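A.B. asks: Sharing a structure, written as structure tokens. Questions coming.
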Amino acid sequence: MDMTPGDLVTKLTARGVNVFYDDAHALKQVDLDIRAHEVTALIGPSGCGKSTFLRCLNRMNDLIEICRVEGDIRLDGEDIYDPAVDLVYLRARIGMVFQKPNPFPKSIYDNVAYGPKIHGLARSRGDMDEIVASSLERAGLWEEVKDRLEAPATGLSGGQQQRLCIARAIAVRPEVILMDEPCSSLDPIATARIEALIDELKQNFTIVVVTHSMQQAARVSQRTAFFHLGDLVEVGDTDTVFTKPVDPRTEAYISGRIG
Amino acid sequence: MTDPRQSPSVAILASLPRRRRAEARFRLYGIAAIGIALGFLILLIGAIGAQGVGAVTQAEIALDVTFEQSVLDPSGGRDPETLSTANYRAVVRAALGDIFPEAVRKRRDRRRLMELVSVGAAFELRRLVLEDPAVIGRTMRVWVPADDEVDMLLKGATARDSGRFTEKQLSWLDRLEAEGRIRSTFNWRFFSNGDSREPELAGILGAISGSFFALMTCLVLSFPLGVMAAIYLEEFAPRNRWTDLIEININNLAAVPSIVFGLLGLAVFLGLMGLARSAPLVGGMVLALMTLPTIIIVTRASLGAVPPSIREAAIGLGASRVQAMLHHTLPLAMPGIMTGTIIGMARALGELAPLIMIGMVAFIVDVPQGPLDPASALPVQIYIWADSPERAFAEKTAAAIIVLLAFLIVMNLTAVILRWRFERRW
């Protein structure tokens, strides 16, 4: 699939998704399409189910024993909850960046190289150097770390660590990148850098970003989905959602009355 | 506080001295507690050390030994069999007779004279002859170990008028001393011999190697089993009634008195499986049973202490659960696992009760060469010596305790260093 930006091709489709934590109904009948080469923002107050939905998309919820997912989620038309689906392959196609920067306590180089290494993407040390360098470059971190690739990743600042995590995710060359509140633990300057990065990355990747900052959603996303108490209340072009919301709950949230 | 309208700052200021005093008092209690604990520790180590230091030296007596061909090798064939069964006691007696010609006339005096040197003197002469048969027919000065009572007397642990020696024996000793035939040397026998009924010949090498083979068996069995069990339970097993039951049982097993494991070993390893009695192999198996729950618990705790975000990061990149565990969780948990294992091993090293149950408490002179040879262990040796009536065993007991403590300190120190060296921060 070779897409040029602007093509309105649906990458991921979710139909009738319900998620339960034991008996708690965390997501209710969610239907949502995520378009290729766009940034889709999932917004909503805490506990609304936006992170839960994000983690359904690469089946990270499988790790939570009490979590049960129902419904139909397709990546390029293939059911990702099909028992025949290989989770390793799925997660190689759908990468993830977490809320708190979580670099491995290894060197910067090893962090980026880990994904390509386990998937066998590099045929030689030179290949790997190339992948590491280009990934760090695309994550906007190369200039800062090129002289200390063997330094421990945990010595980087929070914003650098998060960009390293993004570099680590794109080193596997996924099709989709899921970001779970990637800036929530960062200061405004680091946040601005990550936002600029997200905007650039949509050229090559489909991006879904969960955020509780409406300004951030407005700045980086093309489409916005608003969740509230487990319901997908409204989804549409970001401009429309923020300027002419249809649902009163959306309006109340973006105007700061709930949440 | 009587005036409800009193400004809060006045009340706070009024309460400050009381709070400061309470805090100072509390700190004082803490320091006192540490001081008392340290005091007891110093007392303990000091008492044992003071008693054990005597075992470092051993009195020796110089004899001018004539290796008489007619006594040792009448046929002159230099047959090793003949040489090793020859009457070396007669050689010792003759050498003593050379020094005290007047004492060998009466049988009782001869016996009294022989009491001054160790039974081991004859063994020492045999060793010399077997090493080099050319000494036969020659006369040479040999330092042989003194009897343990003589050793005690020379160290001042026994008074001259204690009634343990006759007047004659005391005068002989004085003469030996005057002739420069008595010296005090480093007691290498303590570190190179196995157990013995004679305190001056008893050593801890047998016990050390018994403990070594038992601990190695214990480590080889309990470490892989424990770590694998813990990894499965912590990372892969579903949480249900069965795994809960297993977890509760493991925790209970960790608290079971060690003698119960000894009984189990006696019934299963010796009774059912018919393995060798007194063997370090069986001792190690019993100690492994005892250490296994500890290792499982420590490993689970170490794995659980690795932040879940690390595992999520790996899985989010497409690592399988085994890869995430092997590449990330386990290496990060390893210092904790090793620390726990070493501490478990240290506990096993000091364990006596289960070894008694499987017969490792036997009196064994030979130093074991492998895990199947009969052996004792360090705590067993301490127990046996502490139980022996000879006064000289008291200092051997203390010295053995010091050796055991030294091993424990080294092991615990290794654990601390490992933790300190490999501890990672995230």
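Derivation of every value follows stated rules applied to the coordinates shown; laboratory data play no part. All figures in this text were calculated on a predicted structure; none of them were measured in a lab. Every residue, glycine as well, gets a Cβ built from its backbone with ideal geometry; the counts of neighbours run over all protein chains shown.
A.B. asks: Name the residue farthest towards the positive end of the dipole of region A:1-158 from the options A:Leu63, A:Leu75, A:Ile131, assuming +1 on Cβ of Lys and Arg, -1 on Cβ of Asp and Glu, about the Cα centre.
C.D. replies: It is A:Leu63.
A.B. asks: Report, ordered by chain and residue number, the aspartates and glutamates lying within cross-link reach of B:Lys396, taken as a straight Cα distance under 13 Å and ignoring same-chain residues fewer than 8 apart.
C.D. replies: B:Asp148, B:Asp151, B:Asp195, B:Glu198, B:Glu200, B:Asp387
A.B. asks: Taking neighbour counts of Cβ atoms within 10 Å as a proxy for exposure, in what order, fewest first, do B:Phe213, A:Phe226 appear? Numbers along the way, then the final one.
C.D. replies: On the way: B:Phe213 23, A:Phe226 28.
If I rank by nearby Cβ atoms, fewest first, I get B:Phe213, A:Phe226.
A.B. asks: In addition: Using +1 at the C-beta of Lys and Arg and -1 at the C-beta of Asp and Glu, which of B:Leu332, B:Leu289, B:Ile417 has the Cα lying farthest in the positive direction of the dipole of region B:205-422?
C.D. replies: Positive-most Cα among the choices belongs to B:Leu332.
A.B. asks: Determine the shielding of peptide B:318-324 by partner chains: average, over its residues, the number of Cβ atoms on other chains within 10 angstrom of each Cβ. If you can, show how the numbers build up before the last one.
C.D. replies: Values: counts 18, 9, 5, 4, 0, 3, 2.
For peptide B:318-324, the averaged partner shielding equals 6.
A.B. asks: Here's something else I'd like to know. Only counting other Cβ atoms within 10 Å, I'd like B:Ser309, B:Ser278 sorted with the fewest neighbours first. Walk me through the intermediate numbers first.
C.D. replies: On the way: B:Ser309 16, B:Ser278 21.
The order, fewest Cβ neighbours first, is B:Ser309, B:Ser278.
A.B. asks: So what is the diffusion coefficient of region B:205-422 in µm² per second by Stokes-Einstein at 20 °C and 1.002 mPa s, using a Kirkwood Rh over Cα pairs?
C.D. replies: Details: Rh = 18.7 Å.
Taking Rh from Cα pairs, D becomes 115 µm²/s.
A.B. asks: Rg and Dmax in Å for region B:60-179, alpha carbons only: what are they?
C.D. replies: Just the Cα atoms of region B:60-179 yield Rg and Dmax of 15.2, 49 Å.
A.B. asks: How high is the relative contact order of chain B, in percent, with contacts defined as C-alpha pairs under 8 Å that are six or more residues apart? Intermediate results must be reported in sequence, preceding the final value.
C.D. replies: On the way: 561 pairs, mean separation 81.0, N = 426.
For chain B, the relative contact order is 19 percent.
A.B. asks: Under the classification rounded if a/c is under 1.5, otherwise prolate if a/b is larger than b/c and oblate if not, where does region A:1-148 fall, given a ≥ b ≥ c as square roots of the Cα gyration tensor eigenvalues? Show your work: numbers first, answer last.
C.D. replies: On the way: a/c = 1.91, a/b = 1.69, b/c = 1.13.
Prolate.
A.B. asks: Among the helices of chain B (complete DSSP H runs), which have Cα atoms covering no less than 15 Å along the helix axis and a Kyte-Doolittle mean of at least 0.0? Could you put the intermediate results ahead of the total?
C.D. replies: On the way: long enough: B:8-52 (65 Å, 0.92); B:88-99 (17 Å, 0.66); B:120-131 (16 Å, 0.47); B:167-178 (16 Å, -0.91); B:205-231 (38 Å, 1.94); B:241-254 (20 Å, -0.05); B:280-305 (35 Å, 1.63); B:330-349 (27 Å, 1.29); B:392-422 (45 Å, 1.62).
Passing helices, by number: B:8-52, B:88-99, B:120-131, B:205-231, B:280-305, B:330-349, B:392-422.
A.B. asks: Another one. Packing-wise, with mean Cβ within 10 Å as the measure, how do B:242-253, A:100-111 rank, highest first? Let's see the in-between values first.
C.D. replies: On the way: B:242-253: 12.8, A:100-111: 21.9.
The packing order, highest mean first, is A:100-111, B:242-253.
A.B. asks: Sticking with this one: Say the dipole of chain B comes from +1 at the beta carbon of Lys and Arg and -1 at that of Asp and Glu; which of B:Gln369, B:Gly49, B:Gly163 then lies farthest toward its positive end?
C.D. replies: B:Gly49
A.B. asks: May I ask for the equivalent-ellipsoid semi-axes of the protein assembly as shown, computed as the square root of five times each C-alpha gyration tensor eigenvalue and listed largest first in whole Å? Walk me through the intermediate numbers first.
C.D. replies: Details: eigenvalues 1242, 189, 108 Å².
Ellipsoid semi-axes (Å, largest first): 79, 31, 23.
A.B. asks: Aspartates and glutamates within cross-link reach of B:Lys106: Cα-Cα under 17 Å, excluding same-chain residues under 8 positions apart?
C.D. replies: B:Asp98, B:Glu115, B:Glu167
A.B. asks: I need B:Thr294, B:Thr299, B:Thr57 ordered by Cβ neighbour count within 10 Å, fewest first.
C.D. replies: Numbers: B:Thr294 21, B:Thr299 27, B:Thr57 17.
Lowest count first: B:Thr57, B:Thr294, B:Thr299.
A.B. asks: What does the charge dipole of the protein assembly as shown about its Cα centre add up to, to the nearest 20 debye, if the Cβ of each Lys and Arg holds +1 and the Cβ of each Asp and Glu holds -1? All intermediate terms of the calculation are to be shown ahead of the outcome.
C.D. replies: On the way: 72 positive and 77 negative charges, 401 e Å.
Once rounded to the nearest 20, the dipole reads 1920 debye.
A.B. asks: Below 8 Å, C-alpha to C-alpha, sequence gap of six or more: please give me the relative contact order for region B:61-108 in percent. The partial results should precede the final answer.
C.D. replies: Values: 29 pairs, mean separation 20.3, N = 48.
The normalised contact order for region B:61-108 reaches 42 percent.
A.B. asks: Could you work out, residue by residue across A:100-106, how many beta carbons of other chains sit within 10 Å of that residue's beta carbon, and then give the average as an integer?
C.D. replies: Values: counts 3, 2, 10, 4, 9, 9, 4.
Per residue, the average neighbour count from other chains is 6.
A.B. asks: For region B:1-115, what class follows from the C-alpha gyration tensor (a ≥ b ≥ c being the square roots of its eigenvalues): rounded when a/c is under 1.5, otherwise prolate if a/b is larger than b/c, else oblate? Display every interim value, and only then the final one.
C.D. replies: Numbers: a/c = 9.50, a/b = 5.04, b/c = 1.88.
Note, shape of region B:1-115 comes out prolate.
A.B. asks: While we're here: If the cut-off is 12 Å between C-alpha atoms, which aspartates and glutamates fall inside it for A:Lys244, apart from same-chain ones fewer than 8 positions away?
C.D. replies: Excluding near neighbours in sequence, the set is A:Glu234.
A.B. asks: Now for a separate question. Going down the table (A:Lys50/A:Lys146; A:Lys11/A:Lys117; A:Lys11/A:Lys100), which pairs top 32 Å between alpha carbons?
C.D. replies: Values: A:Lys50/A:Lys146 36 Å; A:Lys11/A:Lys117 26 Å; A:Lys11/A:Lys100 26 Å.
With Cα atoms farther than 32 Å apart: A:Lys50/A:Lys146.
A.B. asks: Right, next: Please average, across the residues of A:111-117, the number of beta carbons from any other chain that are within 10 Å of each residue's own beta carbon, and give a whole number. Working shown, then result.
C.D. replies: Numbers: counts 2, 0, 0, 8, 6, 1, 3.
Neighbouring Cβ atoms belonging to other protein chains average 3 per residue here.
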